[in-house]
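The values are calculated or read from the model by the stated rules, or taken from the named source; none is laboratory data. These figures come from a predicted structure and were not determined experimentally. Every residue, glycine among them, receives a Cβ derived from its backbone with ideal geometry; neighbour counts consider all protein chains shown. SASA here: full protein model, heavy atoms, side chains in, ligands and nucleic acids out. Shrake-Rupley method; radii C 1.70, N 1.55, O 1.52, S 1.80 Å.
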Amino acid sequence: MMGMLGHTFVGLIDNIMVGQLGTAELAAVSLGNSFMFIAMSLGIGFSTAITPLVAEADGENNFKAGKSAFKHGLFLCTTLGIILFLLILLAKPLMYLMKQPVEVVELAIPYLDLVAFSLIPLVSFQAMKQFSDGLSMTRYPMYATLIANVVNVVLNYLLIFGKFGFPQMGIVGAAVGTLASRFVMIIFLWVLLKYKDKSRAYVTQIKFFVLESKMIKKIVSLGFPSALQMFFEVAIFTAAIWLSGILGKNPQAANQIALNLSSMTFMVAMGLSVAAMVRVGNQKGLQRFQDLRRIAISIFLLSFLIATVFALIFIVCNQILPKIYLDIDDVENLVDNTEVIMIAAKLLIIAALFQVSDAVQVTVLGALRGLQDVKIPTVITFIAYWIVGFPISYYLGLHTEYKSSGIWIGLFAGLTTSALLLYFRFNKLTKDLIKKD
């Protein structure tokens, strides 16, 4: 959980510090990160193919297969990171065609240039993280992300506000902090894995460019659908950012606050999703299907209980949490800040409602990846988010008085549909495996 939260903490720190500059700057970070969220979803989603392969090899005590999965996975993820960086650079002109406030777009473009480059170390790090998770060595990626967040906080403070003689760079300073922290993250994890007994042999003496087409095809066949699954979900949240931008900079800033808080709780569920992926992969390697089902359902229940706690926090603190992101004593921006807080408070009530749906769907998806079942879940996620969720968000957000709340009601509908359909899929698959055993 802490390892997954590390990515979100970088965004949280950027949002809180940039929010002190004003709502236009916060909206610009939101717009820039909307492109990043899409790219990150593809990179992180693709990298999840590594975990079940390593976990299954670990369960079978097959070192050769585990090392091959890591080497090919790292190569493919690094290549994908470079491609995603280049695609974001090509996509920048789209900002002017998306009916976003001009002042927000002009602030977002220089921010995005630097943050986009950080995709290369981020996606490569994700490959090493998924490998480490597959070996049940989950602490080391956590340490790396915690160190990265410390670096990000320090650099943000120095560069956003121009402290201790450093230049005052505004939101570009936040981008520099993010970029530097992600390079620190990957170097730190590599050093840890190189010096730990369990992982040393996997990560050393790698013939990086000696590749086997069979393993590449296996990772791509698992990774591509997994990337699409995460893309379909993240893309609908990104669409919510763009729809909010059509409503204005204050609704967009409020959407960013609610989205950032929801992303943090989602990453806790993502941590449990990785646990489900690893443990289901282990049991699949051992051919213990009854234990596999029992372990997975235990993780689903734990996810449900934690999500319920988060939902209660969002309901009780819906007026308090948005104030963390803005300077409420700023008289010049008082009207804008007050409106942003009011809108964000309403969105957090809806976010509270979909906490359980979001947590259940992502942990069930992790269990299905552990079973290496990815094609049907990809179809399910597309239907849930883009056939059910997005049309509701679009209609209620832009054509009714619900506005920002209507956008998030569509998100709630998509997540709930996904949770139900994915659970039905897992239930059927595991029962069939137990019958055949």
Toy charge model, Lys and Arg Cβ at +1, Asp and Glu Cβ at -1: the chain dipole around Cα centroid in debye, rounded to 20, equals 2080 debye
Among the lysines, select those whose C-alpha is under 30 Å from the C-alpha of residue 196, and discard any that sit fewer than 8 residues away in the same chain.
-> 64, 67, 71, 129, 207, 214, 217, 218, 284
Of the accessible area of the chain, computed with a 1.4 Å probe and all protein chains kept, carbon and sulfur make up a percent value of 69 percent
Would you calculate, for the chain, the mean residue ellipticity at 222 nm contributed by helices, counting each DSSP H stretch of 4 or more residues as -39,500 (n - 2.57) and dividing by all residues, to the nearest 500?
-> -28500 deg cm²/dmol
So which aspartates and glutamates can residue 163 reach, going by Cα to Cα under 18 Å and dropping same-chain residues fewer than 8 places off?
-> 14
Please identify the longest segment of the chain free of exposed trypsin sites (Lys or Arg not before Pro), where exposed means a DSSP state other than H, G, I, E or B and no more than 13 other Cβ atoms within 10 Å.
-> 208-437
What's the longest bit of the chain with no exposed GluC sites (Glu not before Pro), using DSSP loop states and at most 13 other Cβ atoms within 10 Å as the test?
-> 1-211
At a Förster distance of 45 Å, what's the computed FRET efficiency of residue 208 paired with residue 394, Cβ-Cβ distance as r, to 0.05?
-> 0.50
Go ahead and collect, in residue order, the members of region 221-263 whose backbone nitrogen is under 19 Å from a label point 7 Å along the Cα-Cβ direction of residue 335.
-> 247-254
Region 119-265, relative contact order in percent, only Cα pairs under 8 angstrom and at least six apart counted | 17 percent
If every Lys and Arg gets +1 and every Asp and Glu gets -1 at its Cβ, then about the Cα centre region 129-236 yields a dipole, in debye to the nearest 20, of 380 debye
Hits among lysines - C-alpha to C-alpha of residue 99 under 23 Å, sequence gap 8 or more where chains match = 249, 403
Could you please state, rounded to a whole Å, how far the C-alpha centre of region 90-116 is from the C-alpha centre of region 1-56?
-> 17 Å
Separation between the residue 420 and residue 150 pseudo-spin-labels, each 7 Å from Cα along Cα→Cβ, expressed in nm?
-> 4.8 nm
How many Å³ per residue does the convex hull of the Cα positions in the chain occupy?
-> 130 Å³
